[in-house]
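Student: I am attaching a structure below and will ask some questions about it afterwards.
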Amino acid sequence: MTPFERLIEQLVTVSFSFHWVFKAILLIGMFFYLAFGVIVVRQVSLMAKTLNGAFASPIKVIAWIQLGLIIGLFLIILLA
């Protein structure tokens, strides 16, 4: 068997899974989305300090719920 034939045989028998590549891309994207969620919570809290009104509390709650959902989704993707 020639070296070229051995190389071709090794390339054919090597299995590569795109699952790990896809998961890595998803995790990188979710990390950026997590950073976005943290920035949203920070911006909402700064806005609530500036604007004193009854509308600030529901927006704070929504921002924290969104951040919690982002963290949950990040953990699901990490553990899957």
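Taken together, the values in this text are just the output of simple stated rules run on the coordinates, not laboratory data. Treat the numbers as computed from the prediction; the structure is a model and nothing was measured. Cβ atoms come from the backbone with ideal geometry, glycine included; neighbour counts cover every protein chain shown.
Student: Hey, of [x] 49, 25, 18; [y] 32, 26, 19; [z] 81, 20, 11, which did the structure itself give for Cα extents along the principal axes in Å when calculated?
Tutor: For Cα extents along the principal axes in Å, the calculated option is [z].
Student: Measure out, as a whole number of angstrom, how far apart the alpha-carbon centroids of region 1-31 and region 49-80 sit.
Tutor: Value for the Cα centre distance between the two parts: 38 Å.
Student: Which chymotrypsin sites (Phe, Trp or Tyr not before Pro) does region 13-80 hold that lie in a coil by DSSP with at most 15 other beta carbons within 10 Å? Mind showing how you got there, number by number?
Tutor: Values: sites: PHE16, PHE18, TRP20, PHE22, PHE31, PHE32, TYR33, PHE36, PHE55, TRP64, PHE74; in loops: PHE16, PHE55.
Filter output for region 13-80: PHE16, PHE55.
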